[in-house]
Amino acid sequence: LALTAAEEPSHHAAGGLAVGHVHLHVGDVARARVFYVDALGFETMTTYPGAEFFAAGGYHHHVAVNTWAGEGVGPAPAHTAGLHRWTVFLDDARDVAATAARLRAAGAPVDEAADGTIVARDPWGTSVAVRVGRT
């Protein structure tokens, strides 16, 4: 990315961007497991000191969480760079509804859009949208 002094950097990724996996710094790996595995529905693929790797469908990992930069941290300040929202695509509306029910049962805040998309926030403020579709 090259910018001149008069240009402002983009605050959003380009449309159509598909990411193979994300790594998230969290304050507590066990608490992250409750959100990403128990509620969101991923499976733990492997663990490593201070980290866990989650996936769906047997993939090596779609989401990794770690405390390598420190344990016990809270949400990142709003003005900082980083991943603030990402989307999980599911096969049908029943899967989205089941995910919303698990998230609510786990105490996660869940918002619903008119198009059926749900948006939940993990304990560190990262929003995860869940909707029907393909990337």
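The values are calculated or read from the model by the stated rules, or taken from the named source; none is laboratory data. What you are looking at is a predicted structure, and each value in this text was computed from that prediction instead of being measured. We place every Cβ from the backbone using ideal geometry, glycine too, and count neighbours over all the protein chains shown. Quick note on the areas: whole protein, heavy atoms, side chains included, nothing else; ligands and nucleic acids left out. Shrake-Rupley method; radii C 1.70, N 1.55, O 1.52, S 1.80 Å.
So here's what we get for this one:
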| item | result |
| --- | --- |
| Odd one out for ALA39 among (1) small (Gly, Ala, Ser); (2) within 24 Å of ALA13 (Cα to Cα); (3) open to solvent by less than 20 Å² (accessible area, probe 1.4 Å) | (2) |
| Pairs with Cβ under 7 Å, 6+ apart, first in region 68-93 and more than 16 Å from LEU24 (Cα to Cα), second in a loop (DSSP other than H, G, I, E, B) | PHE89/GLY133; PHE89/ARG134; PHE89/THR135; ALA93/GLY116 |
| Filter result (of a type in the set (Val, Ile, Thr), open to solvent by less than 40 Å² (accessible area, probe 1.4 Å) and within 15 Å of TRP86 (Cα to Cα)) within region 11-36 | VAL22 |
| Pairs, first farther than 17 Å from ALA56 by Cβ and in a helix (DSSP H, G or I) in region 15-38, second open to solvent by less than 40 Å² (accessible area, probe 1.4 Å) and among the acidic types (Asp, Glu), C-beta under 8 Å, six or more apart | VAL29/GLU52 |
| Some residue of region 49-56 being in a loop (DSSP other than H, G, I, E, B), loosely packed, with under 13 Cβ neighbours inside 10 Å and modelled with pLDDT under 90 | no |
